Amino acid sequence: MPVVSDVAVVLRRIEYSETSQVLGLFTRGHGQARVIAKGAKRSTRSRFSPGIDLLEEGQVSFSMRTDRSEGLSTLTEWKQTRSFGGLREKLERLAAGQYVAETTLMMTVEGDAHALLYDALTSALQSLCDGAAVLETTTGYQRALLESAGAWPRLDACVVCGRGSGLTYFSSLEGGMVCRDCEGVRVEKRVVAGPTLEMLRRLECGGDAGSSGGEEVLVRMFDVLDYHIAHLAGREATSASMLVPSGRRRVT
Ligand SMILES: [Zn+2]
């Protein structure tokens, strides 16, 4: 098995035995990688100094499986380069960090590299550490994630008839907004109010989504994008409700 070297962020960590951990990594050059870190929990003589924690970045070497069968690659080296320690200073930052980690695992596959998404991920984690607004940073990452998957929705016109007015519904299955005249037969859909749509369009243009509309509209924008991600991935991100309580979500 070839040994590859890369940079990676730890997105998931499972205690595997007395001494080992199974890690879900997102690498810059090789996409998602599931590795076993044998001896990672032994405090002395560990090759993985100073231990491996969630949501930190490091230089990594691992033996890559080439057969794509079930199983784990073996981590041979880990050297932490950034701890993103600021995430742990506030609960909402940590929740956002966990959300971006979970959705990255949901929306990417092993061995499929997305260097730009990797850069967006580390940039989002760094921004959260530096005290950037949490929901703005998270929705910015949702956009990067959906664009990386080729699934950013159409917002300027109805995906069915192409009309630019009367856009009231969002359909994940159709890949964007649906107008009042076309929504009748679409089973999978949800209402998106005007201010939320406006803010989504601003996010699409790279503008500051949080500069107007207020916190409630920001929550709704997060919710629409989270709904789309959950639909595409086939499951909900459990950490979403840590970031925004479920009582405030799935509303129009
Ligand atoms: Zn239409």
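The values are calculated or read from the model by the stated rules, or taken from the named source; none is laboratory data. Since this is a predicted model, take the numbers as computed values, not measurements. Backbone-built Cβ (ideal geometry, glycine too); neighbour counts: all protein chains shown. Surface areas here come from the heavy atoms of the whole protein model, side chains and all, with no ligands, DNA or RNA. Shrake-Rupley method; radii C 1.70, N 1.55, O 1.52, S 1.80 Å.
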Exercise. Answer yes if at least one residue in segment 210-232 is away from the ligand (no atom under 16 Å from the Cβ), in a loop (DSSP other than H, G, I, E, B), touching a residue at least 40 places away in the same chain (Cβ under 8 Å) and assigned by TED's automatic domain parsing to the domain that holds residue 123, and no otherwise.
Key: no
Practice problem: Give the residue that is nearest to the ligand (Cβ to nearest atom), with candidates limited to residues of segment 177-195 that are in a strand (DSSP E or B) and closer than 21 Å to residue 219 by Cβ. | Solution: 177
Practice problem: Please enumerate the residues belonging to segment 148-173 that are open to solvent by less than 70 Å² (accessible area, probe 1.4 Å), within 12 Å of the ligand (Cβ to nearest atom) and within 30 Å of residue 100 (Cβ to Cβ). | Solution: 157, 159, 167, 168, 169, 171
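Would you check if residue 200 is away from the ligand (no atom under 16 Å from the Cβ) and closer than 17 Å to residue 57 by Cα?
Spelling it out, it is not the case that residue 200 is away from the ligand (no atom under 16 Å from the Cβ) and closer than 17 Å to residue 57 by Cα.
Can you find a residue that is within 30 Å of residue 64 (Cβ to Cβ) and either in contact with a Pro (Cβ under 6 Å, 6 or more places away or on another chain) or open to solvent by 20 Å² or more (accessible area, probe 1.4 Å) (or both) anywhere in segment 87-103?
In the first step, residues of segment 87-103 are kept if they are within 30 Å of residue 64 (Cβ to Cβ); the result is 87, 97-103.
Subsequent filtering for residues that are either in contact with a Pro (Cβ under 6 Å, 6 or more places away or on another chain) or open to solvent by 20 Å² or more (accessible area, probe 1.4 Å) (or both) retains 98, 102.
Among the residues of segment 87-103, at least one is within 30 Å of residue 64 (Cβ to Cβ) and either in contact with a Pro (Cβ under 6 Å, 6 or more places away or on another chain) or open to solvent by 20 Å² or more (accessible area, probe 1.4 Å) (or both), which makes the answer yes.
Let's see how each residue does on (1) under 30 Å from residue 94 (Cα atoms); (2) modelled with pLDDT of 95 or more; (3) charged (D, E, K, R); (4) touching a Cys at 6+ places or on another chain (Cβ under 9 Å):
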| site | (1), (2), (3), (4) |
| --- | --- |
| 130 | yes, yes, yes, no |
| 134 | yes, yes, no, no |
| 138 | yes, yes, no, no |
| 143 | yes, yes, yes, no |
| 149 | yes, yes, no, no |
| 152 | yes, yes, no, no |
| 186 | no, no, yes, no |
| 209 | yes, no, no, no |
| 213 | yes, no, no, no |
Practice problem: Give me the pairs, please: first residue somewhere in segment 126-155 and under 22 Å from residue 114 (Cβ atoms) and outside any helix (DSSP H, G or I), second residue anywhere and open to solvent by 20 Å² or more (accessible area, probe 1.4 Å) and among the aliphatic types (A, V, I, L, M), beta-carbon distance under 9 Å, and either six or more positions apart or on two chains. | Solution: 149/107; 149/232; 151/107; 151/232; 153/159
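Could you tell me which residue of segment 12-38 is modelled with the lowest pLDDT, considering only residues that are assigned to a loop (DSSP other than H, G, I, E, B) and surrounded by 16 or more Cβ atoms within 10 Å (Cβ to Cβ)?
First, the residues of segment 12-38 that are assigned to a loop (DSSP other than H, G, I, E, B): 16-20, 28-30, 38.
Adding the requirement that they be surrounded by 16 or more Cβ atoms within 10 Å (Cβ to Cβ) leaves 16, 20, 28, 30, 38.
Values: 16: 85, 20: 88, 28: 98, 30: 94, 38: 88.
Restricting to residues being assigned to a loop (DSSP other than H, G, I, E, B) and surrounded by 16 or more Cβ atoms within 10 Å (Cβ to Cβ), the top hit is 16.
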Self-check item: Boolean, residue 173 is in the same structural domain as residue 147 (by TED's automatic domain parsing) and under 22 Å from residue 230 (Cα atoms)
Solution: no
